[in-house]
Amino acid sequence: MAKMTVVLPVRDGANYLESSIGSVLRQTFPDFVLHVFDDASEDSSAAIAQSTGDPRVQYSRNSEPNGLFRTLNRGFAEAQSPLIKIWAHDDLMLPNCLEQCFQAAEKYPSCGMIYSDFYAIDTHGKRTGKEQQY
């Protein structure tokens, strides 16, 4: 069993999905499963999610659109790891993101949720300078 599951819901997200998946697969923390939950996409999201050739990537498809929250709830219910990271098809993950999340979870085992800062990016993945630190 992997130590972390990355739950990635998608609905017609082919425009950014390949880059998003690639950023997850390049993590310094190797012990994860990336589960793409397709909310009945009508574009090439399914083909992209199933074409990685990486055994850490799992793919499931809703038979009809269920919406983001029902799809996320399905992801939470199906995850078999002790930790879950929510991800989005139009985001890029920094290479040490999962490693830092795992280290924080190990350091604070009673914590129920971990959140991180982010860098806002444009459609080309370039930082916009609109970052917000929490």
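A few points about this structure:
- The set of residues from segment 96-130 being of a type in the set (A, V, I, L, M) and over 18 Å from residue 4 (Cβ atoms) comprises 120, 121.
- Residues of segment 25-47 satisfying the condition of being in contact with a Phe, Trp or Tyr (Cβ under 6 Å, 6 or more places away or on another chain) and assigned to a loop (DSSP other than H, G, I, E, B): 29
- Whichever residue in segment 62-96 is aromatic (Phe, Trp, Tyr) and over 20 Å from residue 42 (Cα atoms) and, among such residues, is farthest from the chain's Cα centre (by Cα): 76
- If you go through segment 1-43 and keep only what is in contact (Cβ under 8 Å) with a residue 40 or more places away in the chain, open to solvent by 60 Å² or more (accessible area, probe 1.4 Å) and either within 17 Å of residue 85 (Cα to Cα) or among the hydroxyl-bearing types (Ser, Thr, Tyr) (or both), you end up with 1, 3, 16, 19, 26, 28.
- Consider segment 100-134 and keep the residues that are among the small types (Gly, Ala, Ser) and farther than 16 Å from residue 23 by Cα. The one that is most open to solvent (accessible area, probe 1.4 Å) is 110.
- Per-region count, segment 29-45, residues under 15 Å from the mean Cα position of the chain (by Cα) and more than 18 Å from residue 1 (Cβ to Cβ): 5
- Breaking point among (1) out of contact with any His (no Cβ under 9 Å at 6 or more places or on another chain); (2) of a type outside the set (Gly, Ala, Ser); (3) under 18 Å from residue 24 (Cα atoms), for residue 58: (1)
- Residues in segment 55-81 that are assigned to a loop (DSSP other than H, G, I, E, B) and touching a strand residue (DSSP E or B) at 6+ places or on another chain (Cβ under 8 Å): 5 in all.
- Residue match in segment 88-99 (condition: loosely packed, with under 14 Cβ neighbours inside 10 Å and among the aliphatic types (A, V, I, L, M)): no
- Qualifying residue in segment 53-75 (condition: surrounded by 13 or more Cβ atoms within 10 Å (Cβ to Cβ) and in contact with a Gly (Cβ under 9 Å, 6 or more places away or on another chain)): yes
The values are calculated or read from the model by the stated rules, or taken from the named source; none is laboratory data. The structure presented is a predicted model; accordingly, all values stated were derived computationally and were not measured. Positions of Cβ are backbone-derived with ideal geometry, glycine not excepted, and every protein chain shown enters the neighbour counts. Heads up: the accessible areas ignore ligands, DNA and RNA and are worked out on the full protein's heavy atoms, side chains in. Shrake-Rupley method; radii C 1.70, N 1.55, O 1.52, S 1.80 Å.
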